[in-house]
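The structure under discussion appears below in the form of structure tokens.
Every read-out reported here was derived from the displayed coordinates using simple, explicitly stated rules and does not represent laboratory data. This one's a predicted model, so the numbers in the text were calculated from it and none came from an experiment. Neighbour counts are summed over all protein chains in view; Cβ atoms, including those assigned to glycine, are modelled from backbone coordinates with ideal geometry.
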Amino acid sequence: MADKHEFTTITIPSTLYKRLEGMIAETEFESVSAYATHLLREALARLEAGSEDVLSEEEEEQVKERLRALGYLD
Amino acid sequence: MIRPHGGKLVDRVLRGKAREEAEERAYGLPRLEVGDDLARDVENIARGVFSPLEGFLGREDYQSVLRSMRLANDVPWTIPIVLDVSEEEADRFREREDIALFHRGKPLAIMHLEEKYRYDKEEHARKVFGTTSRAHPGVAKLEGMGKVLLGGKIDLINPPQSRFGRYKLSPFETRVLFKEKGWRTVVGFQTRNVPHLGHEYVQKTALSFVDGIFINPLIGRKKRGDFKDEVILEAYAILIENYFLKDNAVLAILETEMRYAGPREAIFHAIMRKNFGCTHFIVGRDHAGVGDFYDPFAAHRIFEEFPDLGIVPLFFRTFFYCRKCGGVANEKTCPHSEEDRVNFSGTTIRKMLSQGEVPPPELMRPEVAEVIARYGNPFVE
């Protein structure tokens, strides 16, 4: 049973479509859509990489204390 | 520091007054007693190990995970984290109301029940385990599960007791630890075995490309014949003490059951290590496999489907000890013949240990073998 919002349509220039079509010939991708999905997810992962610290200074100090008590930090 | 999976490290641990109030309230709510495996899932959700999950999967996420190996919001997720109950139990609970999860008679968590739904066990088995054979431990467990799943966020009140608290760190803690150690790149190593020289070779090969290694044995329900948790831990502790640089290796446990879901579980294992702060993850031969249910390298190939996983898999194939090379080698590095090679067969090592024999030093470090020998029977019965 296919989910009703499993897929949607986006438009890309037909020249780009042809380039992608030419590139998938020697890959395991079955369609330009599958290849474009792969590339977009790869790009998103790069854009989303990296993050700020999630703990406040005080919380971090408490964590360090536990790590010292357990012998993980000197 | 690497971004947690899905962008946010989940923290659903109640503290201080909020915890006290929730604990008191729990006694007045509809109550569900859960076993050890589910209690560990609750804790892992609350402490961010399963980020971005904030609770047990609802129907939309569950179906999406089964069919596309992603949550409904497209984030990669391969193993359904679900709370099953019998039909009779499900009838006691109402959607959009809170229930109290108890573990060993103590309030474990409040669950904000969003939905109850039925599921198809055969489809679940086929999709997750790639088989419906009852000889598969995951399928056998599934057969005994309740017919209804409960979905909804949880808030942890009291974590389940751990026998190995000394080695238990949350992702918040490992992230601080890696930062303090100055590690920018960290490779995660999943294990459910005692270390032999082949494991050590893989770990050190990976370590030569990154700042540190996070050795993260999986502690929890395993199948008969697997090594006991305490044996694995003690064996690794002695290995690290004697053969690793203190500043480059960290040993901490991950308390969750083995699902034996092969390729899907390899992705799940990578996701958890990403949440702990690892940038790389070692994937071995037949990772999370059992018997002959999976192609030994299916767990490598599946990573091609996840360009957005956000953690770099390091694939290792088969290693052996070569008498002529005088060390551990692989097909790419050793030109010698089969008769010069000693394979790191888990079955052979287990057989030797179960017969009270000490594996030779080309298979296992003497210190490690000594620790295992002390246990008499080191295996789960």
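In the protein assembly as shown, what percentage of the DSSP-assigned beta bridges are antiparallel, given to the nearest 5? Let's see the in-between values first.
Values: 30 of 53 bridges.
Close to 55 percent.
Extending each Cα 7 Å along its Cβ direction at A:Leu44 and B:Lys324, get the distance between those two points in nm, one decimal.
5.1
For chain A, just the Cα set please: Rg and Dmax, both in angstrom.
22.8, 62
Per-residue mean of other chain beta-carbon atoms within 10 angstrom of the beta-carbon, peptide B:57-66?
Details: counts 0, 0, 0, 2, 0, 0, 2, 2, 0, 0.
That works out to 1 on average.
Points 7 angstrom from Cα along the Cβ direction at B:Phe379 and A:Thr27: gap in nanometres?
4.6
Indicate the gyration tensor shape class of chain B (rounded, prolate or oblate), computed on the Cα atoms with a ≥ b ≥ c the square roots of the eigenvalues: a/c under 1.5 is rounded; otherwise a/b larger than b/c is prolate and the rest oblate.
Details: a/c = 1.78, a/b = 1.66, b/c = 1.07.
Cα axes put chain B in the prolate bin.
Among the aspartates and glutamates, select those whose C-alpha is under 18 Å from the C-alpha of B:Lys222, and discard any that sit fewer than 8 residues away in the same chain.
B:Asp36, B:Asp37, B:Asp41, B:Glu143, B:Glu230, B:Glu234, B:Glu255, B:Glu257, B:Glu265, B:Asp286, B:Asp292, B:Glu381
Considering only DSSP beta bridges with both partners in region B:5-156, what is the antiparallel share in %, to the nearest 5? Please list the in-between numbers first.
On the way: 22 of 27 bridges.
So the antiparallel bridges in region B:5-156 amount to around 80 percent.
I need the shape label for region B:165-374. Rule: rounded when a/c is under 1.5, else prolate if a/b > b/c, else oblate, with a, b, c from the alpha carbon gyration tensor. Each step should come with its number before you reach the end.
Working: a/c = 1.37, a/b = 1.25, b/c = 1.09.
It is rounded, given that a/c, with a ≥ b ≥ c, falls under 1.5.
If the reach is capped at under 22 angstrom between alpha carbons, list the lysines near B:Lys204, excluding any in the same chain fewer than eight residues apart.
Leaving aside lysines fewer than 8 places away in the same chain, those within reach of B:Lys204 are B:Lys179, B:Lys181, B:Lys246, B:Lys274, B:Lys324, B:Lys332.
Helix-only mean residue ellipticity at 222 nm, the protein assembly as shown, DSSP H runs n ≥ 4 weighted -39,500 (n - 2.57), per residue, nearest 500. What is it?
Numbers: 16 runs with 167 residues, N = 455.
When only DSSP H runs of four or more count, the value is -11000 deg cm²/dmol.
Sticking with the crude label model, points 7 Å out along Cα→Cβ, report the distance from A:Ser14 to B:Asp211 in nm, one decimal please.
Result: 5.2 nm between the two label points.
In the structure shown, do any of B:Lys121/B:Lys141; B:Lys8/B:Lys153; B:Lys153/B:Lys223; B:Lys121/B:Lys228 have a Cα-Cα gap over 21 Å, and if so which? Display every interim value, and only then the final one.
Details: B:Lys121/B:Lys141 11 Å; B:Lys8/B:Lys153 15 Å; B:Lys153/B:Lys223 30 Å; B:Lys121/B:Lys228 30 Å.
The answer is B:Lys153/B:Lys223; B:Lys121/B:Lys228.
Using Cα pairs under 8 angstrom and six or more residues apart, how large is the relative contact order of region B:1-102, in percent?
Working: 101 pairs, mean separation 35.7, N = 102.
Across region B:1-102, relative contact order equals 35 percent.
Place the peptides B:2-14, B:81-93, B:47-59 in order of packing, highest mean first, counting for every residue the other Cβ atoms within 10 Å and averaging per peptide.
Working: B:2-14: 19.6, B:81-93: 16.5, B:47-59: 22.8.
Going from most to least packed, we get B:47-59, B:2-14, B:81-93.
Students often forget the sequence filter, so: which aspartates and glutamates lie under 13 Å Cα-Cα from B:Lys351 once same-chain residues fewer than 8 apart are removed?
B:Asp226
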